[in-house]
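Presented below is the structure to which this report refers.
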Amino acid sequence: MTYRLLASFAFVWFIVAIGAAPARAELEIDITRGVAEPMPIAVTDFYGEGRGEKSFGANIAGVIAADLERSGLFRPLDKKAFIQDAESLNVLPRFGDWRIINSQALVQGRVEMTVDGRLRVEFRLWDVLAEQQMVGMAYFTIPGNWRRVAHIIADAIYKRITGEDGYFDTRIVYIAESGPKTKRVKRLAIMDQDGENHKYLTDGADMVLTPRFSPDQQEITYMSYYQGVPRVYIFDIESGRQEILGDFPGMTYAPRFSPDGKSVIFSMAKDGNSEIFTMELATRKVRQLTRHSAIDTSPSMSPDAERVVFNSDRSGSQQLYTMNANGTNVKRITFKKGRYATPVWSPRGDLIAFTRIYRGEFYIGVMRPDGSGERLLTKGFLVEAPTWSPNGRVLMFFRQEPSDQYGRGGKTRVFSIDLTGHNEREVFTPQDASDPAWSPLIP
Amino acid sequence: MRFKIVSLIAVAGLVAACGTAPTSETATTSGQGAASGIVAGSAEDLKVNVGDRVFFAFDKYNLTAAARYTLQQQAAWLKTNTAVNVTIEGHCDERGTREYNLALGERRATAVSDYLTSQGIAANRISTISYGKERPEDAASNETAWAKNRRGVTVVK
C-alpha cells in the first residue's frame, strides 16, 4: 500500500508578494509572555466569482480562522458582525467598518480557478488601525491542496504578527489505540496538525510504539513487535515500505532521528542492560554512546547535534542527563524530587521538555538544557511524551485517564498546550491516541 | 498445600511494597492442585501446577524470596519436561513512562532468565521479551492491579 501524501504536497507554488510594502509592525503579539487577551481578527470568506470558487473561499477562510483561534493568540470575530460585504471588500477595505466591530486585523482573499484547472489563492493581511497592508501573497495549487494553502496562509499571518515562524502547515504522527487495555491494538496513524487528512499507516496486527518524524518528514522511525521481536523500524511514508534498523542482538527501542536525518539515535536492551547507540543510515555504522550498568534510554539530540539529553537511573532513580554527541562529558541535570523521563530537546535549542513523576502524579514541564528554570505546564494521573511544534512554542503530549476497578475507562488522548502553560486543548482523533510526534514545517 | 502458602507469602510481600492490601486475586494460579485432564509439560500444567509468574516491587527487578521459590519449582518442572522451551515476558505497571518501562521489563525478564539458568536450565531453552507497560494483566488503575501487572511470566513456546 502506498501513501502519496508528500507527492501531492510538491504542487504548491509560492508565487509573489502582492500589494504595497509591509507596514511598520504596529500590530504585534509578544508570544514570550502568556497572552491574556487574544487579538481580535476578522477572517473574511475569500472572494470568488463562481460557486466552486466561493465554496473554496469560505472553506479556506474557515481553516485559517480555526488555526489562528487554536493558537490561543487570536480571536476570530463572528462573521455575522461583519459590515462590509465581500464584493466591495475585494476592491478595498473600508477600515471604519472593521474598526467599529473592534477588529484589529483583517484577512481577506480571493480564489480563482485557472483555465488549466488549478486554484489561484491570494490573501492580504491588513492592520485596521494603521489602515495598511501588512502582508500579501498569492499561491497556485491543485484544488485538492486547498487545506494546505490555508495552513500556509495562517502561518504567514502568524509570522507577520508574532515575528515567529508558524506551525500550522505541519502533521502529527501518533499511535491510534483501540480495544481493552489488556489486549490493546496499536496502529501508526498520521494526520494534519488540526486532525484533518487522517490516515492509518499500519493495520494493527503488530504492536507499534513511539513514532518520530525524520527532519524532511519523508520517514518515520518507530518501534514494532513485528513477528514478536521488538525492534526499531523506519517507515517510508511515500512508498509505505517498512525496514528494520540494523541487525541487533537485543531489543532496540526509543528511536529518534538526528537533526540532519542521517542517523538514528536509540537504545538497545540486552542481558538486563540498556545502552544508547547511534546508527548512520547510509553506512550502517553503529556507535555506542553510553557504557553503564544502569538503564540509559530516551535519547534526544540538540538541534545543533552537539549534545544528547537522555534518561538514566544510574543515580538510583530515573533522572535526566546530558552528554556530548560522542558520549563524553555526562552531566546530571535534574535534582528535584521525583522521577524525570522522556526528555526532548526543543527545535530552538533553548529548552528541554520532559515528563516528571512526583507523588503519584505525572507532569509535563520544560527546563533549560542545564536543568535550571524548570516550569511545569500541566499534570494528571498520567501525562507523558511531550513533542515540540517546529517553532518551539507549543507542545503536544498524551493524557491517559485512570480506569475503574473493572478496567473500564482509561481514555487516552493527545493534547496541545502553549509553552506558557495556557491554552491546553484536546487534539481531535477518531480513537484513543498516544505518543504524538510533531513534524517540522512541511518544506 | 505448600503452593498455596507460597502464594500467600507473595501477596504479603506485595502488601508491604505498595502499602495497600491487594485482594486474594493477586495470588498466582498455582495451588489449585493437579487438576485432571492437564497434559504434563503443557502451558496449562506450568500455570496450574507450578505457577507461571513472579511479581516485582514498584520500579524494582530483584527477585523476592517468594519469586525465587516459584522459579525453583519452574526449574524443576523444566528439568522434567526437557523438550519444553520458554519465553520469559517482563511486564510493568502503568505508573512509569513507556520507554523506561520497556527497559525495566527487559531487566525483569532477564532476572527471571538468569535465575532459571542458575538453577541448571540451559540458556538456549530460554528467550526473553519485554512488553513494558503495554500488556497489563489487570486493566484497573489501582494498587492491586499494578501489583499483578509488575510481573515476569514464563510462557511455554
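The values are calculated or read from the model by the stated rules, or taken from the named source; none is laboratory data. Treat the numbers as computed from the prediction; the structure is a model and nothing was measured. Note that we place each Cβ from the backbone using ideal geometry, even for glycine, and neighbour counts take in every protein chain shown.
For every residue, the table says whether it meets (1) surrounded by 23 or more Cβ atoms within 10 Å (Cβ to Cβ); (2) within 14 Å of another protein chain (Cβ to nearest Cβ); (3) small (Gly, Ala, Ser).
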{"site": "A:Ala130", "(1), (2), (3)": "no, no, yes"}
{"site": "A:Met137", "(1), (2), (3)": "no, no, no"}
{"site": "A:Tyr158", "(1), (2), (3)": "yes, no, no"}
{"site": "A:Tyr174", "(1), (2), (3)": "yes, yes, no"}
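Strands (runs of 3 or more DSSP E) fully within segment B:63-157 that include at least 3 residues being within 11 Å of another protein chain (Cβ to nearest Cβ): B:86-91, B:126-132. Could you say whether any residue in segment B:128-140 is modelled with pLDDT of 95 or more, farther than 30 Å from B:Asn81 by Cα, surrounded by 23 or more Cβ atoms within 10 Å (Cβ to Cβ) and among the basic types (Lys, Arg)? Looking for residues that are modelled with pLDDT of 95 or more, farther than 30 Å from B:Asn81 by Cα, surrounded by 23 or more Cβ atoms within 10 Å (Cβ to Cβ) and among the basic types (Lys, Arg), one finds at least one in segment B:128-140, hence yes. Tell me, please, whether a residue that is hydroxyl-bearing (Ser, Thr, Tyr) and away from chain B (no Cβ under 14 Å) can be found in segment A:385-393. Scanning segment A:385-393, I find at least one residue that is hydroxyl-bearing (Ser, Thr, Tyr) and away from chain B (no Cβ under 14 Å), so the answer is yes.
With the requirement that a residue be assigned to a strand (DSSP E or B) and among the acidic types (Asp, Glu), what does segment A:214-225 give you? Scanning segment A:214-225 gives a single hit, A:Glu219. Scanning segment A:93-111 for residues that are buried (at least 21 other Cβ atoms within 10 Å of the Cβ) and in a strand (DSSP E or B) returns A:Ala105, A:Leu106, A:Val107, A:Gln108, A:Gly109, A:Val111. Within segment A:331-362, can you find the residues that are under 19 Å from A:Ser258 (Cα atoms) and either of a type in the set (A, V, I, L, M, F, W, C) or without any contact (Cβ under 8 Å) to a residue 40 or more places away in the chain (or both)? Within segment A:331-362, A:Val344, A:Trp345, A:Leu351, A:Ile352, A:Ala353, A:Phe354 qualify. Of the residues making up segment A:248-257, one or more are of a type in the set (A, V, I, L, M), over 21 Å from A:Ile172 (Cβ atoms) and surrounded by 23 or more Cβ atoms within 10 Å (Cβ to Cβ). Could you go through segment A:326-335 and let me know if any residue there is touching an Asp or Glu at 6+ places or on another chain (Cβ under 6 Å), on the phi < 0 side of the Ramachandran plot, of a type outside the set (Asp, Glu) and within 14 Å of chain B (Cβ to nearest Cβ). Within segment A:326-335 (the criterion being touching an Asp or Glu at 6+ places or on another chain (Cβ under 6 Å), on the phi < 0 side of the Ramachandran plot, of a type outside the set (Asp, Glu) and within 14 Å of chain B (Cβ to nearest Cβ)), the answer is no, since none of the residues qualifies.
Residues checked against (1) polar (S, T, N, Q); (2) closer than 30 Å to A:His422 by Cβ; (3) at pLDDT 95 or above:
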| position | (1), (2), (3) |
| --- | --- |
| A:Ser302 | yes, yes, yes |
| A:Ala305 | no, no, yes |
| A:Thr322 | yes, yes, yes |
| A:Lys331 | no, no, yes |
| A:Gly338 | no, yes, yes |
| A:Ala341 | no, yes, yes |
| A:Val344 | no, yes, yes |
| A:Arg348 | no, yes, yes |
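Number of residues in segment A:337-360 that are among the polar types (S, T, N, Q) and within 9 Å of chain B (Cβ to nearest Cβ): the value is 2. Of all the residues in segment A:314-337, those that are more than 29 Å from the chain's Cα centre (by Cα) and closer than 19 Å to B:Ala103 by Cβ number 5. Could you say whether any residue in segment A:178-200 is under 16 Å from the mean Cα position of the chain (by Cα), within 14 Å of another protein chain (Cβ to nearest Cβ) and modelled with pLDDT of 95 or more? No, segment A:178-200 contains no residue that is under 16 Å from the mean Cα position of the chain (by Cα), within 14 Å of another protein chain (Cβ to nearest Cβ) and modelled with pLDDT of 95 or more. Please find, among A:Ala294, A:Ala305, the residue that is closer than 19 Å to A:Gly392 by Cα and over 19 Å from the mean Cα position of the chain (by Cα). Criteria check complete, one pass: A:Ala305.
Under the condition of being more than 15 Å from the chain's Cα centre (by Cα) and of a type in the set (Gly, Ala, Ser), which residue from segment A:401-425 is farthest from A:Met367 (Cα to Cα)? The residue in question is A:Gly407.
Scanning segment A:71-79 turns up at least one residue that is free of Cβ contacts under 8 Å to residues at least 60 places away in the same chain, out of contact with any strand residue (DSSP E or B) (no Cβ under 6 Å at 6 or more places or on another chain) and surrounded by fewer than 21 Cβ atoms within 10 Å (Cβ to Cβ).
Among the residues of segment A:377-398 satisfying the criterion of being free of Cβ contacts under 8 Å to residues at least 24 places away in the same chain and in a strand (DSSP E or B), which is surrounded by the fewest Cβ atoms within 10 Å (Cβ to Cβ)? By that ranking, first place goes to A:Lys379. Restricting attention to segment A:363-375, the residues that are assigned to a strand (DSSP E or B) and without any contact (Cβ under 8 Å) to a residue 24 or more places away in the chain total 2.
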